[in-house]
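Student: This is the structure I have questions about; it appears just below.
The values are calculated or read from the model by the stated rules, or taken from the named source; none is laboratory data. Note that the structure is predicted; figures quoted are calculated from it, not measured. Cβ: placed from backbone, ideal geometry, glycine included. Neighbour counts: every protein chain shown. All accessible areas refer to the heavy atoms of the entire protein, side chains included, with ligands and DNA or RNA removed. Shrake-Rupley method; radii C 1.70, N 1.55, O 1.52, S 1.80 Å.
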Amino acid sequence: MSRALPKYNKRRVGFIGGAAAVALTGAVIAGTALAGESSGDGGDANARTLAGPGTISCPEVAPELPAVPASAQAEVERNLGDLDQQIAEADKRLADTAGQGGPDFVRNAVLGPLEDKRVAAIDRIATAIGRTAERPSGLDSLAACTLTK
């Protein structure tokens, strides 16, 4: 009787050995990659996390509005709330994408879309007022926002 393994056992041993080698290699690579990570106690946090991305500052729209007719009050209030929500969402996006992109990333990915949304909301406010009173002009200048550190 031969001491050699049958053909199917050789394949099974080879497959299990190969899988074990792949798993061990993955564990070594993961351990090497995590070797430089901090323990999470905050003792050696990097400067980017300490500094923070900043906040977005936008001009107030409500003080610049003329007298709002009663028929437009609800729509104007809703759109003013939308403006505040847009700023909060942009601040969250700014925090979530801190350190990404190049020098124009914040302007292109956060401030630009925010300005577009603010222009639309301000235009809806002006339209609501303009239905029953004189449409306010010059409100579009309140759409641009800046990044404050």
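Student: With (1) more than 30 Å from Ala133 (Cβ to Cβ); (2) modelled with pLDDT of 70 or more; (3) in a loop (DSSP other than H, G, I, E, B); (4) of a type in the set (A, V, I, L, M) as the list, and Ile29 as the residue in question, which single condition is left unmet?
Tutor: Going through the list (1) more than 30 Å from Ala133 (Cβ to Cβ); (2) modelled with pLDDT of 70 or more; (3) in a loop (DSSP other than H, G, I, E, B); (4) of a type in the set (A, V, I, L, M), Ile29 breaks only (3).
Student: With the requirement that a residue be within 22 Å of Gly130 (Cα to Cα), of a type in the set (Gly, Ala, Ser) and open to solvent by less than 50 Å² (accessible area, probe 1.4 Å), what does the stretch 72-115 give you?
Tutor: Once the filter is applied, which keeps residues that are within 22 Å of Gly130 (Cα to Cα), of a type in the set (Gly, Ala, Ser) and open to solvent by less than 50 Å² (accessible area, probe 1.4 Å), the stretch 72-115 yields Ala72, Gly81.
Student: If Ser57 satisfies all but one of (1) at pLDDT 95 or above; (2) in contact with a strand residue (DSSP E or B) (Cβ under 9 Å, 6 or more places away or on another chain), what's the number of the condition it fails?
Tutor: It is condition (1) that Ser57 fails.
Student: Could you tell me which numbered condition Ala47 fails, if it satisfies all but one of (1) over 14 Å from the mean Cα position of the chain (by Cα); (2) on the phi < 0 side of the Ramachandran plot; (3) modelled with pLDDT under 95; (4) open to solvent by less than 70 Å² (accessible area, probe 1.4 Å)?
Tutor: (4)
Student: Out of the residues in the stretch 54-71 that are of a type outside the set (Gly, Ala, Ser) and more than 27 Å from Thr148 (Cβ to Cβ), which is surrounded by the most Cβ atoms within 10 Å (Cβ to Cβ)?
Tutor: Val68
Student: Could you please give the count of residues in the stretch 115-149 that are within 25 Å of Asp91 (Cβ to Cβ) and touching a Gly at 6+ places or on another chain (Cβ under 8 Å)?
Tutor: So the count comes out to 3.
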